[in-house]
Amino acid sequence: MVAQLHSMGLWGMDAFVVEVEADISSGLPCFELVGLPDAAVKESRDRVRSALKNCGFDFPVSKITVNLAPADKRKEGPIYDLPVLVAILCATGQLRADLSHCVFVGELSLSGEMRAVKGVLPMAIAAKENGFRDLFIPAQNAAEGAVVEGLNVHPVPNVQALIGHLTGRELIPPASADRAPRGNLGGPMPDFADVRGQDGAKRALEIAASGNHNVLLIGPPGSGKSMLAKCLPSILPDMTLEDAIETTKIHSVAGNIPSGGSLIWTRPFRAPHHTVSPAGLSGGGTVVRPGEISLAHNGVLFLDELPEFRRDAMEVLRQPLEDGRVTISRVSGSVTYPCSVMLVAAMNPCPCGYFGHPTRPCICSPNAVDRYLNKISGPLLDRMDLHVEVPPVGFDALSSGQKAESSAAIRERVNAAREIQHRRLRGTGISCNARITPDLLHEVCRLSAPAQALLKTAFEKMGLSARAFDRVLKVSRTIADLDQSETIEPRHAAEAVQYRALDRKYWNKR
């Protein structure tokens, strides 16, 4: 007898329908899984056998063949435990029910209890798109799957409860959707009110948040670079529902959604160690998984001690930063993940950290300083919209008991600037100034005559590249938006130019 039902598979961030077919036939007892399963899928044979026996069902002493179609797509992970078990029950006549509108996903314990799995949100979206009505998933994943409207998502605690629902003895009510903005990946965020001094750096980060610009922070040890970067997510604009769903999909595939978690409404903040590999940053592996740059999508990727990162790891970021997506190619195919991030990098001005310090002498030789700075390539530097000097904090600022401006107040200005950009760029598919395309650049970044003359002088004297000049224009546009000015005036352009001063101060010495 042959039974057929449906499950889901994952390839990158996309889910696809998997037909689970179970055939019970005469012959020597065996249990075969076919359809390009990986090792984790093959191990489901033992989990299913134990779960069936421990839940009071008969395991057939026959030849069992389970096929996962389509056979040309690799099936990964323990998500097929539940559909394989249900298919065997149907094939042996122990369960009689119409399952044509159902999708089953879940890992089993040996006792028949359900365990959480990865990738539930993209699978729930695909189930709805393919016309299925009911999705049965582990109870721990119910809040995540229930955000998809128009789909009955049933939280299954164990096999007995599922069989009771399918036979009509005791129904499992669908989980209720929770789309309320809540949920924080990293706990409470630091607030700019707790940062003493550094008004200039705070202003630069406000501009960066308003236009989604990349930032390079340069300063001596202990000047507060890491603290400033950690505070940045607290002033980023509020996430839309589309942003929250896309961010949650990536973290769902990566297995970062906590048990009972729903949509992620806070901007991600990822800070990989400088020993991270290129694949760790961009994504990859035998089973292609998102890297740090994709896990930071719609948020902040913070690279502390930038020159200590491997050169090949830094260079792998260049194209994704431009395109907002990263494509990982393997023999089995290519996977594309979104990676629209704010890159925030921090570094010392020299190996000892005190080059240009007002009170402490630098002990590095000129050659040592040059070697240190040369670890960062010109093309990567060009992709940093703002180069911000973070000076040491004085005693008066540290000892002051006066609170600085809060992140909430700064975020109001950031949201207002982003709203101006959304109105201006409506219909273009662009959401912020940092993503303005070359064909729209000069139409959107309209300069007054004095501002144009100022930028011409800066371009010639500082030796800016074409990419660096474009980024100066975009930063000028963001500063003008914060000032609620339709035209870029000299004061806006001058402030943007000062954030390229490090081109002249440091890198022009190479």
- Note on the structure: The number of residues in region 369-387 that are free of Cβ contacts under 8 Å to residues at least 40 places away in the same chain and either of a type in the set (G, A, S) or assigned to a loop (DSSP other than H, G, I, E, B) (or both) is 0
- Query: Across region 199-211, which residue is farthest from V472 (Cα to Cα) among those that are crowded, with 24+ Cβ neighbours inside 10 Å and of a type outside the set (A, V, I, L, M, F, W, C)?
  - Reply: S210
- Message: Quick test for you: out of F136, F132, pick the one residue that is aromatic (F, W, Y) and either closer than 20 Å to I257 by Cα or modelled with pLDDT under 95 (or both).
- Response: F136
- For region 250-285, the count of residues that are assigned to a helix (DSSP H, G or I) and open to solvent by 40 Å² or more (accessible area, probe 1.4 Å) equals 1
- Message: Criterion first (in contact with a Phe, Trp or Tyr (Cβ under 9 Å, 6 or more places away or on another chain), open to solvent by less than 60 Å² (accessible area, probe 1.4 Å) and either small (G, A, S) or more than 27 Å from D38 (Cα to Cα) (or both)) does A244 satisfy it?
- Response: yes
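Quick grid of which residues meet (1) closer than 20 Å to M13 by Cα; (2) free of Cβ contacts under 8 Å to residues at least 24 places away in the same chain; (3) among the hydrophobic types (A, V, I, L, M, F, W, C):
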position: V105; (1), (2), (3): yes, no, yes
position: L110; (1), (2), (3): no, no, yes
position: A116; (1), (2), (3): yes, no, yes
position: M123; (1), (2), (3): yes, no, yes
position: E129; (1), (2), (3): yes, yes, no
position: F132; (1), (2), (3): yes, no, yes
position: A139; (1), (2), (3): no, no, yes
position: N152; (1), (2), (3): no, yes, no
position: N158; (1), (2), (3): no, no, no
- Condition check for R477: of a type in the set (K, R) and open to solvent by 40 Å² or more (accessible area, probe 1.4 Å): no
- Could you look through region 36-58, keep only residues that are touching a Pro at 6+ places or on another chain (Cβ under 8 Å) and among the small types (G, A, S), and pick out the one that is surrounded by the most Cβ atoms within 10 Å (Cβ to Cβ)? S44
- Just one of (1) closer than 25 Å to H165 by Cβ; (2) open to solvent by 10 Å² or more (accessible area, probe 1.4 Å); (3) not in a helix (DSSP H, G or I) trips up E32, so point out which. (1)
- Note on the structure: Across region 313-368, the tally of residues that are open to solvent by less than 10 Å² (accessible area, probe 1.4 Å) and part of a loop (DSSP other than H, G, I, E, B) stands at 6
- Flagged in region 166-180 as out of contact with any strand residue (DSSP E or B) (no Cβ under 7 Å at 6 or more places or on another chain), of a type outside the set (K, R) and under 27 Å from L52 (Cα atoms), in numbering order, are L166, T167, G168, E170, L171, P173
- Counting only residues that are open to solvent by 50 Å² or more (accessible area, probe 1.4 Å), within 27 Å of R318 (Cα to Cα), free of Cβ contacts under 8 Å to residues at least 40 places away in the same chain and not charged (D, E, K, R), how many does region 438-468 have? 4
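The values are calculated or read from the model by the stated rules, or taken from the named source; none is laboratory data. Predicted model only: the values in this text are computed from it and were never measured. Counting neighbours? That spans all protein chains shown, and the Cβs are built from the backbone with ideal geometry, glycine included. For the accessible areas, the whole protein counts, side chains as well, though only heavy atoms, and no ligand, DNA or RNA atoms are used. Shrake-Rupley method; radii C 1.70, N 1.55, O 1.52, S 1.80 Å.
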